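The values are calculated or read from the model by the stated rules, or taken from the named source; none is laboratory data. All values derive from a computational prediction rather than experimental measurement. Positions of Cβ are backbone-derived with ideal geometry, glycine not excepted, and every protein chain shown enters the neighbour counts. In case anyone asks, the SASA skips ligands and DNA or RNA and just uses the protein heavy atoms, side chains included. Shrake-Rupley method; radii C 1.70, N 1.55, O 1.52, S 1.80 Å.
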Amino acid sequence: MIGIMFLIMILMIFAGVPVAFSILGSGIFFLLETGMKPLTLVCQRAVTGLDSFPLLAVPLFVFVGDLMDRGGISKRMIKWAESLLGWLPGGLGIVTIVSCAIFAALTGSGPATVAAIGSIMIPSLVKNGYPIKTAAGMAAAGGALGPIIPPSIPMIIYGVTMSVSIPKMFVAGIVPGVTLMLLLIGVNAVIAVRNPEILKYKGEKFSFREFLKNTWSALGALLLPIIILGGIYSGVFTPTEAAAVGVVYALFVGIFVYREIKISDLPKALVKSMETAAMVDFIIAAANLLSWIMSVTQISNQIVGALSVFITNKYIYLLVLMLLLFIVGALMDTVAAIIIIAPVIVPLGITLGLDPLHLGMIFVINLVIGYVTPPFGYNLFTACSVTGLKFNDIVKGVWPFLLIEMAAVMIFAYVPVLITWLPGLLG
């Protein structure tokens with residue numbers, strides 16, 4: 001019956017039924033067929049699933065991202081990055097990737113980053129020798145850095161689902177996020193060397209005075225991650241409290257410092273943020289019913305027992321996990337994938353001796369790369385809307401960046417110190 005339940009859920013998802021309703025529908029089918037509990041359990045588990053203080057950080061961080069997006073951050077970040085790096089060979093590509101990394105870390109949204117940074121940088125890249133497919137692929141790949149560099153909503157969801165420390169996950173995401181950014185810059189360098197037209201472009205010479213000026217202009221944005229992450233790591237406040245501080249800070253900067261957010265804009269920002277957060281919370285509420293069913297039937301233990309016959313050590317397990325998550329990340333929403341798959345497959349990895357923090361980060365990073373993996377990568381569709389290109393053209397442009405991201409995840413999987421070193425250093 002459990003197998004039929006999962007089959008119904010998967011068929012409903014691929015038929016276009018919203019994920020939350022697919023989970024609820026399959027769970028209700030199981031309860032009706034087995035008669036295990038009355039349907040009042042559905043409402044009870046939904047309420048219990050949302051009764052979690054860390055989950056309050058989700059709508060708050062979404063609101064922070066929306067405020068920073070409306071507050072003129074993208075233009076200031078690009079000018080700051082260009083004054084620092086624009087003079088280098090292939091400098092516009094470097095500026096694009098660095099701007100994507102910083103803006104994505106502020107907003108936590110890959111598609112929003114592609115839209116904000118891509119709409120400004122893609123025309124400049126094309127004007128200075130970059131093929132438009134490559135420029136669009138670069139922006140799409142850079143946007144995927146957001147949920148990896150903290151603060152990160154997928155990390156919050158994973159932490160709540162699998163009882164892993166959210167502050168530790170935030171710290172663990174710093175090194176992989178920066179590493180991926182540097183690797184994307186390396187791919188940009190190779191592309192620049194192979195295209196003489198790109199190397200002909202020479203930005204303005206580095207000016208320390210100009211850099212200081214642009215740093216001052218972008219200081220409001222640059223200080224936000226320092227305040228949020230510094231407060232969390234120093235123990236001043238929890239991730240949820242940090243999100244609340246971020247909202248107050250973003251409002252202050254957007255309204256009084258940059259003066260690009262009007263009071264009349266706030267209702268729209270609140271509605272948009274709550275729509276996004278409600279979608280995430282609805283999935284979490286529905287998934288708690290699924291978690292209860294899996295707990296009562298002990299299906300996770302059965303799956304672990306069945307897989308342990310074939311997966312005899314952690315190295316084989318990691319390879320199977322990577323392949324599974326690459327596929328799932330390309331087909332399923334990240335939040336839904338974490339809630340549905342992690343409780344089933346992660347316990348086997350822990351049994352084989354893998355660090356829960358390392359395993360959690362691998363899980364999140366793999367799924368986030370699904371943002372730029374065809375056929376359903378969110379960032380790819382956003383790049384299509386920004387450039388007007390066909391989907392196939394965007395895919396051709398993103399491949400060099402996607403391949404290096406996939407290779408990096410394999411390295412993170414088999415060299416766990418890259419993930420666990422910084423959290424261990426900070427205690």
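Would you check if there is a residue in region 300-319 being crowded, with 21+ Cβ neighbours inside 10 Å, within 25 Å of the chain's Cα centre (by Cα) and at pLDDT 85 or above?
Yes.
For the structure I just gave you, tell me whether GLY137 is touching a Lys or Arg at 6+ places or on another chain (Cβ under 9 Å), assigned to a helix (DSSP H, G or I) and surrounded by 24 or more Cβ atoms within 10 Å (Cβ to Cβ).
Working: touching a Lys or Arg at 6+ places or on another chain (Cβ under 9 Å): yes; assigned to a helix (DSSP H, G or I): yes; surrounded by 24 or more Cβ atoms within 10 Å (Cβ to Cβ): yes.
Yes: the conditions hold for GLY137.
Among the residues of region 114-132, is any closer than 20 Å to VAL178 by Cβ and either of a type in the set (Asp, Glu) or open to solvent by 30 Å² or more (accessible area, probe 1.4 Å) (or both)?
For region 114-132, residues closer than 20 Å to VAL178 by Cβ and either of a type in the set (Asp, Glu) or open to solvent by 30 Å² or more (accessible area, probe 1.4 Å) (or both): absent.
Among the candidates ILE394, ILE369, ILE365, which residue alone is in contact with a Cys (Cβ under 6 Å, 6 or more places away or on another chain) and assigned to a helix (DSSP H, G or I)?
ILE394
Just one of (1) touching a residue at least 12 places away in the same chain (Cβ under 8 Å); (2) over 22 Å from VAL320 (Cβ atoms); (3) among the charged types (D, E, K, R) trips up LYS390, so point out which.
(1)
Provide a single number: the residues in region 10-38 that are within 28 Å of the chain's Cα centre (by Cα), of a type in the set (A, V, I, L, M) and more than 10 Å from ALA286 (Cβ to Cβ). Break it down into steps so the answer makes sense when it comes.
Restricting attention to region 10-38, the residues satisfying the condition of being within 28 Å of the chain's Cα centre (by Cα) are 10-27.
Filter again for of a type in the set (A, V, I, L, M), leaving 10-13, 15, 17, 19-20, 23-24.
Filter again for more than 10 Å from ALA286 (Cβ to Cβ), leaving 10-13, 15, 17.
Qualifying residue count for the region: 6.
Looking only at region 140-154, filter to residues that are over 8 Å from the mean Cα position of the chain (by Cα) and in a helix (DSSP H, G or I); which one of those is farthest from VAL364 (Cα to Cα)?
Here the answer is ALA140.
Every residue in region 140-152 that is farther than 18 Å from GLY186 by Cα and crowded, with 24+ Cβ neighbours inside 10 Å, please.
Filtering region 140-152 for residues farther than 18 Å from GLY186 by Cα gives 146-152.
Residues satisfying the conditions are GLY146, PRO147, ILE148, PRO150, PRO151, SER152.
Of all the helices (runs of 4 or more DSSP H) wholly in region 39-101, which have at least 2 residues that are of a type in the set (S, T, N, Q)? Write out each step before concluding.
Values: elements: 40-50, 57-70, 73-85.
So the answer is 40-50, 73-85.
Restrict the check to region 243-258 and report whether at least one residue is part of a helix (DSSP H, G or I) and closer than 21 Å to VAL335 by Cα.
yes
What's the total number of residues in region 18-60 that are closer than 22 Å to ASP333 by Cα and not aliphatic (A, V, I, L, M)?
11
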